[in-house]
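Data first, discussion second: the structure below is written as structure tokens.
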Amino acid sequence: MAFHIPEDYYYTKEHEWAQVDENIVTVGITEFAQTQLGEVVYVDLPEEGQKVTQGTSFGVVESVKAVSDLYCPVSGTVIEVNTALMDDPASLNDDPINNGWLVRIEMDSEKELANLMRAPDYKKLIADK
Amino acid sequence: MKKTPLHQNHLNHKAKMVEFAGWEMPIQYVGLKEEHLNVRNHVGLFDVSHMGEIRVQGPSALKTLQWLTTNNVEILENGQAQYSLLPNAEGGLVDDIIVYCLEKNQDYLVCVNASNEEKDWQHFQKNNQGAWLTNESAHWGQIAVQGPQAFELIQRVTGIEASQMKPFQTKSITWLGAQMIFASTGYTGEKGGEFFIEAASTGKLWEALIEKGQNLNVMPIGLGARDTLRTEMKYSLYGHEINETSNPYEAGLGWVIKPQAKDFIGKTPIVARKDAGLTRSLIGFKTIERGIPRQDYTLHDLEGRQIGYVTSGTHSPSLDAAIGIGYVESRFSNLGTEIAVDIRGKKIKSVVCKTPFLNQK
């Protein structure tokens, strides 16, 4: 299956994407993650103002069958939450890369981006699955 | 990993395969929700060949089953089946089973959970009262056909008039040269039944059901939807609602325990626990606030004190709501009682509700 994997995004090994605009990072899950999950029926996201830490869980997405943790690509403060997803979790399946974004984070240090993957490495990661 | 006789059929139908109880099984095909609703609205096929079958025969067959199980096997006539329990010596549960009477007094087939097959087989041998025991698990393939169109499909493929059979009846026939037992049983709450068929002919039956069911919207159904379908009916699943330490009365299974009729393994502790009065009950609940309950989450009163725990929980595709099954202190078991489920540290308000969650047709 061919997944849309934007070249300018960063990726975690747990299949989140991070789009960086200066110090503001928009976070979502990848198309690969979405297909693995199946139909999303519930999304639990942090509140605005909450501090988050790179590599730790900041929320969950649930399909009928399973609960999956969401891992934070960068440390910082949550400044915006996609509350529309809470009412319509299935929209995460339709467009995880754009409209299905989860949170926007004001990042503490852009040095942390070095811990993330770029598109070619992420493509390799999911090619092995 | 063990493979059922339908393994290749699942791969052909593009199933997503997972390990379950030592078997490689389809968890889903096109998607859990779609499969679930297809069973509720049309008809679905389930590969349940991983289930175990133990044959109990001979002059001591009835005596052995009476000792091993809680329900009264003596009342079964030829062609009748019965839901029952295998108790342990402490009054807990080794498994829940279905006993099929092939020939009264001397020939019975017992269907056991895949996850317990080896344990049950040891248990049967250890507690045998002189019956001839055979583990026939490898001999039988098993296909469940469930849904509003199931009777029509079963009739088309095998000629069996399932609509004329009461629940828990069986019919033994030969189908295209293969030995087949059809039973009007199931695990979804829908109309339908389950076929036991010789392993070598299971694939032929599966493909015939798919082919003849095209204009009935037939669909193969994975274990994912099997679980959500049974959860909506509040049917027990071994390892969730019941286990080696369960009190079967608390689990709501007192209706298959017949201490007046006979002696059986664990009868004394089971009766003692009943006489002592039930302190816990198995209830169904729905969340009022957002959140999905899952197995082992804790249940609380509205002051936050723990009153029980969740045994099964999911998002119900039929109701589009979060539902759960769990044990609570009995005084919280009345319909409408407000309780809370702890979901990742948040107390999510819920209400004890009528079960089955879905109205039976």
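The values are calculated or read from the model by the stated rules, or taken from the named source; none is laboratory data. Note that the coordinates shown come from a computational prediction; the quantities given were computed from them, not determined experimentally. As a convention, Cβ positions derive from the backbone with ideal geometry for all residues, glycine included, and neighbour counts pool all protein chains shown.
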Checklist entry - What residue, of B:6, B:32, B:65, is under 24 Å from residue B:145 (Cα atoms) and away from every other protein chain (no Cβ under 14 Å)? => result B:6
Item to check | Residue check, residue B:192 in contact with a helix residue (DSSP H, G or I) (Cβ under 8 Å, 6 or more places away or on another chain) and either surrounded by fewer than 20 Cβ atoms within 10 Å (Cβ to Cβ) or more than 17 Å from residue B:100 (Cβ to Cβ) (or both) | outcome: no
Checklist entry - If you take the residues in segment B:322-336 that are over 9 Å from residue B:281 (Cα atoms) and crowded, with 16+ Cβ neighbours inside 10 Å, which one is farthest from the other protein chains (Cβ to nearest Cβ)? => result B:325
Next on the checklist: Can you confirm whether residue B:291 is within 14 Å of another protein chain (Cβ to nearest Cβ), farther than 16 Å from residue B:248 by Cα and over 26 Å from the mean Cα position of the chain (by Cα)?
Outcome noted: yes
Checklist entry - So which of B:281, B:236 ends up being hydroxyl-bearing (Ser, Thr, Tyr) and either touching a residue at least 60 places away in the same chain (Cβ under 8 Å) or under 27 Å from residue B:148 (Cα atoms) (or both)? => result B:236
Item to check | Output for segment A:48-59, where each listed residue is within 14 Å of another protein chain (Cβ to nearest Cβ) and buried (at least 18 other Cβ atoms within 10 Å of the Cβ) | outcome: A:58, A:59
Checklist entry - residue B:210: closer than 23 Å to residue B:16 by Cβ, of a type outside the set (Asp, Glu) and touching a residue at least 12 places away in the same chain (Cβ under 8 Å), yes or no? => result yes
Item to check | Check on residue B:354, exposed (fewer than 15 other Cβ atoms within 10 Å of the Cβ) and touching a residue at least 60 places away in the same chain (Cβ under 8 Å) | outcome: yes
Checklist entry - Just for helices (runs of 4 or more DSSP H) wholly inside segment B:1-111: which have at least 1 residues that are outside the structural domain of residue B:195 (by TED's automatic domain parsing)? => result B:61-68
Checklist outcome for this item: In the set B:228, B:245, the lone residue that is touching a residue at least 40 places away in the same chain (Cβ under 8 Å), in the same structural domain as residue B:28 (by TED's automatic domain parsing) and of a type in the set (Ser, Thr, Tyr) is B:228
Checklist outcome for this item: Residue hits (segment A:64-90; within 11 Å of chain B (Cβ to nearest Cβ), crowded, with 18+ Cβ neighbours inside 10 Å and in contact with a strand residue (DSSP E or B) (Cβ under 6 Å, 6 or more places away or on another chain)) are A:64, A:89
Checklist outcome for this item: Reported set for segment B:140-188 where residues are closer than 17 Å to residue B:235 by Cα and touching a Lys or Arg at 6+ places or on another chain (Cβ under 8 Å) is B:146, B:147, B:184, B:187, B:188
